[in-house]
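See below for the structure under consideration.
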Protein chains: 2
Amino acid sequence: MSGRRILGIDPGSVKTGYGVIEERGGKLTLVDAGTISTKASDPLEARLLIIYQTLRGLIEDRRPASVAVEEIFMAKHANAALKLGHARGVALLAAAEAGLSVTPYAPRLVKQAIVGKGSAEKEQVARIVGLILGLKTLPGVDATDALAVAITHAQALRMNQRVLLTAGKKPR
Amino acid sequence: MSGRRILGIDPGSVKTGYGVIEERGGKLTLVDAGTISTKASDPLEARLLIIYQTLRGLIEDRRPASVAVEEIFMAKHANAALKLGHARGVALLAAAEAGLSVTPYAPRLVKQAIVGKGSAEKEQVARIVGLILGLKTLPGVDATDALAVAITHAQALRMNQRVLLTAGKKPR
């Protein structure tokens with residue numbers, strides 16, 4: 001029996017992390033994870049095409065049921081935000097074209113869900129992601145970030161289900 | 001004989017302007033122009049899908065030889081830049097998928113090329129775009145902005161050609 005698959009994406013114009021997890025018998029397992037790397041010296045549109053096509057292929061191969069993406073807030077560095085937005089845009093497009101729902105999660109919320117602390121370091125997040133999924137070796141930091149978003153989404157879905165189950169048990 | 005067609009794009013997450021122009025006998029004429037409007041209340045990924053699919057259809061129908069897009073610089077408002085980046089990302093993707101080269105033009109350069117003044121108002125730009133293309137009625141401001149970028153690109157191509165022709169005439 002195939003479980004519920006979630007694709008997590010950590011978009012970036014040079015490195016985009018992705019991670020697919022699956023829930024089987026209440027346990028989260030790793031399906032696939034990696035980093036889409038592009039050359040910063042290549043034209044932005046060529047890099048976007050690689051990100052988009054890789055994510056489209058990944059969605060086709062791994063068939064996730066839903067997608068979770070990091071929400072990005074940046075108070076400074078508008079130009080960095082702009083470039084990041086380009087990558088996030090084609091990631092959202094790849095999901096929307098496949099008819100998948102996309103749920104954004106703020107970085108602080110992801111850290112809170114994984115480590116229990118909104119200000120946790122990336123390395124802490126990576127280590128706990130590895131523990132949750134029972135990984136012997138950790139993929140790159142972009143991939144563990146993407147997996148962290150996917151796990152957060154899995155926890156949110158579980159909580160919603162619990163709320164729905166509890167609601168269903170209410171006395172009439 | 002079909003002339004050289006240029007697609008200009010002024011991307012935005014709510015309104016994306018587009019304009020296709022053609023050069024025939026040294027004169028620029030309008031082929032198509034308009035605005036892709038999306039609902040700000042709709043999920044961002046649904047809006048990006050509309051922008052992307054409309055631009056893909058436009059490229060298929062109008063078959064431009066190249067694409068010109070506004071380059072966006074914003075010192076403030078990182079979140080606005082981020083959203084704008086999403087829309088610009090799927091616009092660049094639509095061009096890259098069709099194998100078209102994309103040339104970015106800074107807004108100041110476009111205003112300089114059209115009005116002769118980098119600080120020109122949008123209305124001035126629109127009026128002169130109308131004069132250059134011999135339009136009786138002006139399309140919306142997003143469309144005239146997109147046409148302005150396309151005209152700037154046409155001028156740049158013409159200048160490059162002149163430089164190349166002059167170079168060719170150099171005494172050996």
Mind checking Rg over Rh on chain A, alpha carbons, Kirkwood formula for Rh? 0.99
Sorted shortest first, the nm distances from the A:Lys117 label point (7 Å along Cα→Cβ) to its counterparts in the other copies are 5.8
Rounded to the angstrom and largest first, Cα extents along the principal axes for the protein assembly as shown equal 79, 61, 38
Any idea how many Lys pairs in chain A come in under 16 angstrom at the alpha carbon, given 8 or more places apart or on separate chains? 5
Could you state the orientation-averaged shadow area of the convex hull built on the Cα atoms of the range B:79-151, in nm² to one decimal? 5.6
With Cβ to Cβ distances under 10 Å as the rule, what net charge do the other residues near A:Gly118 carry (K, R +1; D, E -1)? +3
With runs of 4+ DSSP H residues as the only contributors, calculate the mean residue ellipticity of the protein assembly as shown at 222 nm using -39,500 (n - 2.57) per run, divided by the residue total and rounded to the nearest 500. -17000 deg cm²/dmol
Note the full-extension length gain between A:Lys117 and A:Val141 as 0.36 nm times their separation in residues minus their Cα-Cα distance, in nm to one decimal. 6.8 nm
Which distances in nm, rounded to one decimal and ordered from shortest, link the label point of A:Met159 to the equivalent label points in the other identical copies, with labels set 7 Å from Cα toward Cβ? 5.5
Along the positive direction of the dipole of chain B (beta-carbon charges: Lys, Arg +1; Asp, Glu -1; about the Cα centre), which of B:Ile36, B:Gly140, B:Ala80 reaches farthest? B:Gly140
What nm distances, shortest first, do you get from the label point of A:Arg4 to those in the other copies when the point sits 7 angstrom along Cα to Cβ? 5.6
Suppose we consider the axis relating copy A to copy B; can you name the residue of A with the nearest Cβ and state that distance in angstrom as an integer? A:Gly85, 1
Charge tally in the Cβ shell below 12 Å around B:Tyr105, where Lys, Arg are +1 and Asp, Glu are -1, B:Tyr105 excluded: -2
Among trypsin sites (Lys or Arg not before Pro) in the range B:79-157, those in a DSSP loop whose Cβ has at most 15 other Cβ atoms within 10 Å are B:Lys117, B:Lys136
Rounded FRET efficiency, nearest 0.05, which uses the C-beta distance separating B:Asp42 from A:Lys27 and R0 of 45 Å: 0.80
Column: log10 I(q)/I(0), Debye, Cα scatterers of the range B:12-97, q = 0.16 Å⁻¹: -0.67
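Read-outs: derived from the displayed coordinates by stated rules, not from any lab. Just so we're clear, the structure is a prediction, and the values are computed from it rather than from any experiment. Ideal geometry is used to build each Cβ from the backbone, glycine not excepted, and the neighbour counts take in all protein chains shown.
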